[in-house]
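Working notes, structure below.
Please treat every number below as a calculation from the coordinates, not as lab data. All values reported here derive from a predicted model rather than from experimental measurement. Here the Cβ positions follow ideal geometry from the backbone for every residue, glycine too, while neighbour counts run over all protein chains shown.
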Amino acid sequence: MTSPLLAHDVITTNLTWSKEISRVVYQHCASCHHEGGRAFSLTTYEDARPWAKAIRDEVLNRRMPPWDAVKGVGEFRDDPSLSVPEIDLVVNWVEGGAPEGNPIYAPPRRSWDQDTHLAGSPNAGIELKQARTLTAAITVTAIRPMGAVEVAALLPDQSVRRLLWVREFRAEWNRTYMLARPVRLPKGTRLVVYGAGATLVTAPGS
C-alpha cells in the first residue's frame, strides 16, 4: 500500500475509528494485519491512520481483503470480503479526514490466530488437473486452487454444478476455500477442470 494520509486533513465526518472503522478492520482485516501477522498491523488507530487513503483504494478495488474466488460461483464460508455498506463506511471515514474519536469506544484489544485457510495445503483430497469421472460417490468439503482455475461437476442427470472459479490468482494469498455446505457428488459425476488444477478436499470415508 502507498499514499499515507496527511496529518492536516480536515475532519468532515462523524464516523470514527473508535466506534465504526476499528470493528470493520477487526472483523475483516486483522487476522492478517496484526502484530506478528502476515502483513503490517492495522489493529490500532496509530497503525491504521497513515495508511487510510491506501486502505480506501484497496477496498474500493476489492483487492483487500484478499478473496480470489469469483462471486456467484460456488458457496463458501469465511469469506472476508467487505459488504457494500462496510466499504461505504471506510470510504466516508477516509474522505472525511479519518478521525480517531474517543478511544473509550474502541473494541477491546485481542490476539489473532493465523488464518489457517491461507496456510499450507490440504492433507487429503483429490488432485484434479484434468477431467475425470467418479467411480464412487464423494463428498467435497473444500477446494484449494493451484492457480487460475475453474472447477465444475457434470452430474449423471446432465445438470452442471460450478464449484469454484478463480480468474485472477494471487499465490501469496492462496487459500483452501471451505464450502458453505458439503457437496455430495454421486458415482458417474464428470469432474471438469479448466486451468491450473485444484485439490478437492473430501469428507472422511467418502
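The table below lists the values:
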{"read-out": "Added length on full extension, which subtracts the Cα-Cα distance from 0.36 nm per residue, Leu155 to Arg23", "value": "43.3 nm"}
{"read-out": "Cα-centre dipole for the chain with unit charges at Cβ (Lys and Arg positive, Asp and Glu negative), debye to 20", "value": "940 debye"}
{"read-out": "For the chain, alpha-carbon Rg relative to the globular expectation (2.2 N^0.38 Å, N residues)", "value": "1.22"}
{"read-out": "Proximal aspartates and glutamates to Lys19, defined as alpha-carbon separation beneath 20 angstrom and excluding residues fewer than eight positions away on the same chain", "value": "Asp9, Glu46, Asp47, Glu86, Asp88, Glu95, Glu100"}
{"read-out": "Angle between the chain longest axis and helix 84-95 axis [Cα atoms, degrees, rounded to 10]", "value": "30 degrees"}
{"read-out": "Two-site FRET efficiency, Ala171 against Thr12, from Cβ-Cβ distance with R₀ of 35 Å, rounded to 0.05", "value": "0.30"}
{"read-out": "Total charge dipole magnitude, the range 17-105, about the Cα centre, Cβ charges on Lys, Arg, Asp, Glu only, Debye to nearest 20", "value": "60 debye"}
{"read-out": "Whole-number percent relative contact order across the chain, with pairs defined as alpha carbons under 8 Å at least 6 apart", "value": "25 percent"}
{"read-out": "Farthest toward positive dipole pole in the range 29-177 [+1 Lys/Arg, -1 Asp/Glu at C-beta], among Val59, Leu82, Val149", "value": "Val149"}
{"read-out": "Magnitude of the charge dipole, the range 118-203, Cβ model with Lys/Arg +1 and Asp/Glu -1, debye to 20", "value": "160 debye"}
{"read-out": "For the range 120-189 versus the range 15-31, the gap between their alpha-carbon centres in whole angstrom", "value": "33 Å"}
{"read-out": "Directionally averaged projected area (convex hull, Cα atoms, the range 126-202), nm²", "value": "4.6 nm²"}
{"read-out": "Under 22 Å from the Cα of Lys129 - lysines, other chains or at least 8 residues apart", "value": "Lys187"}
{"read-out": "In Hz, Karplus ³J(HN,Hα) per residue of the range 160-165 (6.51, -1.76, 1.60; θ = phi - 60°; x = Gly, Pro)", "value": "10, 10, 7, 9, 7, 9"}
{"read-out": "Of every Cα-Cα pair in the range 17-105, the percent that sits beyond 15 Å", "value": "58 percent"}
{"read-out": "Built amide H within the under 5 Å cut-off of Thr189, gap 5+", "value": "Leu134"}
